[in-house]
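Student: I'd like to ask some things about the structure below.
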C-alpha cells in the first residue's frame, strides 16, 4: 500500500532533527572565515569553498592518523572477540566453583570509564616501557565487559547437546570454542565487533593520555587539535575536520547497516 | 571459522606497528619538545622547529602535541613520575613556582650564552614574579601576552568617545555604548571573560596584591572585592557588559566572536589576538591600555619554556641550543608577528621598530607600551591552586549568581589560608 | 539452564584466565590503587603524603561530592527517561516497510555511530547563543533565543538533550527488534476482542517489550553515568558548576587541580554507587533468567 504524501513527509520530518545538524556541519565546512564572521548562521555557504579542508590536511597527517585509528580499532575489536569467546563459553556452559563471582567481576567492569583509571594504568605501562605503543592503546581494552556479556548471553541459547556431541566426536575445548561456536553466534559476534570498533574508532581520551608520540596518534586527537585555544572560533575548519572524522564511521555504517541494525536488534533479543 | 586466527595475526601485526618510536636522523641527538597548541600557533612553532633542524646538523627537535595547557601539564607530571619526561616543554606561568619548588626544573643560569639573552624585563623570570630575578633561572619566556582592550574605532568615533582611562570612564562609556535595537537584540558596550586573569588585572588596578610581602594570602583584600563589584555592577545593574558563556577558553573565544560580530563594542582579551581580530573585523580595530583605578596595572600571561631536569644531559643540551636559536631576533620577531604575542627580547623589538612594524601596526605598539605597568605575580607554589580552586570557581558564582562580593572573597581568603 | 561438567577441572579457569588477567591489570588494579591513593595527598610530582580520610572529608565539606552525585543522577535519569520514550515512539512510528522508513531509521541511528567529540563540537556550534543555528532559527520564527549553554538552569538540560539526540537511535533500533517479537496473532486477537490501538499497546505490546526496556534503560544508564566528552567540549563543568558531573569532576581534580588523592576518593565513591546500581540491575536480569528458563533481556 503506497503511502500518501503527508505520510511520506511525516516520515522524513521525523528524521529531520538528525539530518539538519549534519547538513549544518557540511554547510559550515564549505564556508570561509570572513563569511562565518559576517553571517555565522547563513544556511548555505557562498560556494563550495575547500579552504577549510585544505587547512585540515595542512594541520595533520590525515592518512597516517586514519591508518593508526583503523588498526587500533581493528585490533581491539578482534582481540575482544578472541578473549570473549572462551570466557563466555566457560561462564555459560561449564559448571565450576566461582562461576557467579567471575561473571560478577566481568559485569562490574562495565561501569568503570577510562577517565577514572588512566593514572595507575599509565604508570603501570610506563614501568614496562609500553606507553607510546599500539600496545598501550589496545591491551587495556582487550577485554570488553559488554562483549563478554553479550556472547555469554548468546551462548545460553546454544543447546548443550551440540557441545556434548562435538566432545564425543573428539573435539577439544578450543576447537569447540573457535570452530564450532562462531558460526552459531555470528550475529552476536558481528554486533560485539562492530560496536567495539565504532566506540574505539571514536575514542578521544585514551589515545590522548596514553601517547606522547605522534607516530601512534589517532584521528580524533587530530581533529581536537584544530580548535585553536582562545583565538576565536574557526568553526569552518573544525567542522571540516568533523566531516572527515565522521565520514569513515558513517561509511562503515552505510556498508554494514544491515548487520549493524540486525546485530543491535539481536542484542536485545538475546540471539 | 577463520576469523579468530586471522584476528590474532592482525592484532599482533597492529601491536608490532606502534612499537617503533620515530627516531632522529642518524648522527643527530633527538630532542623531544612537548607543546600544547592547536591551530595557527602550532603551525608557526612547527615552522620554527623545521628552521632549527635545517640550520644545524647536530640536534633533531621533535615537537609533539600533548593536549591543551592543562592536559599537557598533567601528562608532563605523569611522564616525570614514570621517568619518561622530554627535555623541553612550555607551561603557563602560574605553575612555574610549583614546578620549581618540586625540583623538576633544570637551572639555566650556567648554560652557555645565557647572559646574551636580552629579554624584556617584564616578560622574563625577573619581571614575571616578584623577586624572580634573585632566584635561580628556570624558565625563558615564550608566548607572552597581557590583557588589553580592543574597541570598534568606528563606533567610538561616531559616538565621540575616547577609550576609557579610568574605571569611572569605563562604566560611563560601556553604559553609553549599550543599546537595544527594535528587534530586542542588545549591543553591549563592554565584554570580558569572567576569568582569573582579568580579575587579577582589576585587583592590580585597585592597588591590591594576591599575596602580601610577608607571605600572607590576602587575594587583594579590598581590591579583590572592588574588582568583583565592578563586574557585578556592569553585568547585573548597568547591563553594559556581556557575560560570555563557558569557562576557560570557550569564554575567550565567545568574547572575540561577540566583538567581531558587533555584539559588543569594546572587549578585554589577550594581546595575542590582535592579528586575528584585525584580520577578521569589518570595522577599524583599535587597541587601548586597560584603564586604571588607583593605578595602572596588568598581569602578564602565557607560557614559558622549561627544561626538565630528569631528561638526559645530551638532550637537554640540544634543547638549550634550540632555545638559543629561538631567541635570535629573527625567530622572536617571526613568532611575534605571525601570532600576535609580544616579542620577548630587546633586539627583536629594535629589529621590528627599524623595519617599521610598529608604525604599520600601531596596536602592537600599544601592547608593547603597556608592559611599563606590568605587575609581577607572587612567587608561590600555590599560585596555580589559588587560580584553579579558590578564585576561578568563585568568579562565576559572584558575578552571575549575584552573591555578595565581600562574602565571596572572605570565603575565598579563609579557604586559601586554611588549605595546605 | 543446563551446565556441562568441564573435561578437566582446571579448564574453566584456564579459559577465563586471559580475561581475568586483563581485567585485573587494567580494571581492578587501578581501582585498588585509587582506593589506596584516596588516603593520600599526591600531586604526581612530590612524594604522596598519607592524610587518612581528609580527602573524603574535604569533598564532603566543600559539597562537591553530593553536588556531583546529584547532578549525575539527575542527568542520568533525564537522559534514560527521554531516550527510552523517544526511542520507543520512533520505533512505533517507523516500524513499517518501505525505503523512506528505512532511510529515516538509518538517519536517526547514525548519530549513535558518530563520535562523542564530533557530536559535542557540532552541537556546541549549533547551540552557540549568538552565532548558532538554533537561536537564529528561533529568531526567524519570531521567538527569543536562549543562552543554552551559559544559563545555569539550561546548561545541564541542554547537555542531556544532546546526549538523548545521540542515544535515541540506539533505543529505537532495540525497540524495533523487540517489536518484531510481538506475535501478530496476539494483536489480532486483541483487535477482535475490540481493543483499541492504545489498549493493544498498553496490554499486549508494552508488557512484551519489557525485556527490551530493561536493556535500553540499563545501557542508557551506564552511558549517561559515564558522560564526559560532551561536558569537556561544551561546558567544562560550568556555568557555576551546574554541569560538573562525576566523571568530569574526577578529570578536573586530576588535570586542573593536580589532586590525585581527591580524584581517587571520587573514583571510589563513583564506583560504589555504580556497583550498587548494577548489582540491583543484575539481580533483576538474573531473576528473570531463572524464572523464564531462557535468554534474558540482553
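The values are calculated or read from the model by the stated rules, or taken from the named source; none is laboratory data. Remember, predicted model here, so these are calculated numbers, not experimental data. Ideal geometry is used to build each Cβ from the backbone, glycine not excepted, and the neighbour counts take in all protein chains shown.
Student: If you check A:154, A:145, which single one turns out to be within 29 Å of residue A:218 (Cβ to Cβ) and buried (at least 18 other Cβ atoms within 10 Å of the Cβ)?
Tutor: Working: A:154 fails: within 29 Å of residue A:218 (Cβ to Cβ).
Every option except A:145 fails the conditions.
Student: It is to be established whether one or more residues within the range C:10-23 are surrounded by 15 or more Cβ atoms within 10 Å (Cβ to Cβ), in contact (Cβ under 8 Å) with a residue 12 or more places away in the chain and either touching a helix residue (DSSP H, G or I) at 6+ places or on another chain (Cβ under 7 Å) or more than 8 Å from chain A (Cβ to nearest Cβ) (or both).
Tutor: Looking through the range C:10-23, none of the residues is surrounded by 15 or more Cβ atoms within 10 Å (Cβ to Cβ), in contact (Cβ under 8 Å) with a residue 12 or more places away in the chain and either touching a helix residue (DSSP H, G or I) at 6+ places or on another chain (Cβ under 7 Å) or more than 8 Å from chain A (Cβ to nearest Cβ) (or both).
Student: Looking at (1) over 20 Å from the mean Cα position of the chain (by Cα); (2) crowded, with 19+ Cβ neighbours inside 10 Å; (3) part of a helix (DSSP H, G or I); (4) more than 9 Å from chain C (Cβ to nearest Cβ), which one does residue A:75 not meet, given that it meets all the others?
Tutor: (1)
Student: Further, regarding this structure: Read through the list (1) surrounded by 15 or more Cβ atoms within 10 Å (Cβ to Cβ); (2) under 23 Å from residue C:75 (Cα atoms), then give the number of the only condition that residue C:153 fails.
Tutor: Tallying (1) surrounded by 15 or more Cβ atoms within 10 Å (Cβ to Cβ); (2) under 23 Å from residue C:75 (Cα atoms), residue C:153 fails exactly one: (1).
Student: I've got another one for you. Exactly one condition in (1) at pLDDT below 85; (2) in a loop (DSSP other than H, G, I, E, B) is not met by residue A:203; state its number.
Tutor: Single failed check for residue A:203: (1).
Student: For residues that are at pLDDT below 90 and not in a helix (DSSP H, G or I), scanning just the range A:50-72, find the one that is surrounded by the fewest Cβ atoms within 10 Å (Cβ to Cβ).
Tutor: A:61
Student: Please determine, by comparing only the residues of the range C:24-35 that are over 9 Å from residue A:120 (Cα atoms) and either touching a helix residue (DSSP H, G or I) at 6+ places or on another chain (Cβ under 6 Å) or not in a helix (DSSP H, G or I) (or both), which one is farthest from the other protein chains (Cβ to nearest Cβ). Reasoning before the result, please.
Tutor: As a first pass, look at the range C:24-35 and keep what is over 9 Å from residue A:120 (Cα atoms): C:24-25, C:27-28, C:32, C:35.
Among the residues that remain, those that are also either touching a helix residue (DSSP H, G or I) at 6+ places or on another chain (Cβ under 6 Å) or not in a helix (DSSP H, G or I) (or both) are: C:27, C:35.
Numbers: C:27: 4, C:35: 11 Å.
Out of the qualifying residues, it is C:35.
Student: Tell me, which residue of the range B:179-206 that is part of a loop (DSSP other than H, G, I, E, B) and more than 29 Å from the chain's Cα centre (by Cα) is farthest from residue B:251 (Cα to Cα)? Explain how you work it out, then say what you get.
Tutor: Keep residues of the range B:179-206 that are part of a loop (DSSP other than H, G, I, E, B), which gives B:181-185, B:189, B:192-195, B:206.
Checking which are more than 29 Å from the chain's Cα centre (by Cα) leaves us with B:181-185.
Working: B:181: 24, B:182: 27, B:183: 25, B:184: 23, B:185: 20 Å.
Among those residues, the one meeting the criterion is B:182.
Student: Hey, another quick one. If a residue has to be in contact (Cβ under 8 Å) with a residue 40 or more places away in the chain and over 21 Å from residue B:383 (Cα atoms) to count, how many in the range B:81-131 make the cut?
Tutor: Total meeting the criteria: 13.
Student: Against the definition (in a helix (DSSP H, G or I) and touching a strand residue (DSSP E or B) at 6+ places or on another chain (Cβ under 7 Å)), how does residue C:12 come out, yes or no? Outline the logic, then answer.
Tutor: Numbers: in a helix (DSSP H, G or I): yes; touching a strand residue (DSSP E or B) at 6+ places or on another chain (Cβ under 7 Å): yes.
It is true that residue C:12 is in a helix (DSSP H, G or I) and touching a strand residue (DSSP E or B) at 6+ places or on another chain (Cβ under 7 Å).
Student: When you go through (1) touching a helix residue (DSSP H, G or I) at 6+ places or on another chain (Cβ under 8 Å); (2) within 19 Å of residue C:107 (Cβ to Cβ); (3) surrounded by fewer than 13 Cβ atoms within 10 Å (Cβ to Cβ) one by one for residue A:13, which number turns out not to apply?
Tutor: That leaves (1) as the condition not met.
Student: Quick one: which residue in B:108, B:99 is in contact with a strand residue (DSSP E or B) (Cβ under 6 Å, 6 or more places away or on another chain) and either assigned to a loop (DSSP other than H, G, I, E, B) or away from chain A (no Cβ under 14 Å) (or both)? Write out each step before concluding.
Tutor: Details: B:108 fails: in contact with a strand residue (DSSP E or B) (Cβ under 6 Å, 6 or more places away or on another chain).
None of the other options fit; the residue is B:99.
Student: With respect to the numbered conditions (1) modelled with pLDDT of 90 or more; (2) crowded, with 21+ Cβ neighbours inside 10 Å; (3) more than 12 Å from chain B (Cβ to nearest Cβ), which one is the sole condition not fulfilled by residue A:181?
Tutor: Every condition holds for residue A:181 apart from (3).
Student: Quick test of your reading of the structure: residue A:31 fulfils all but one of (1) within 11 Å of chain C (Cβ to nearest Cβ); (2) part of a loop (DSSP other than H, G, I, E, B); (3) in contact (Cβ under 8 Å) with a residue 24 or more places away in the chain. Name the failing condition by number.
Tutor: (1)
Student: Can you tell me which residue is modelled with the lowest pLDDT among those in the range A:94-139 that are more than 7 Å from every other protein chain (Cβ to nearest Cβ) and at positive phi?
Tutor: Residue satisfying both the conditions and the ranking: A:129.
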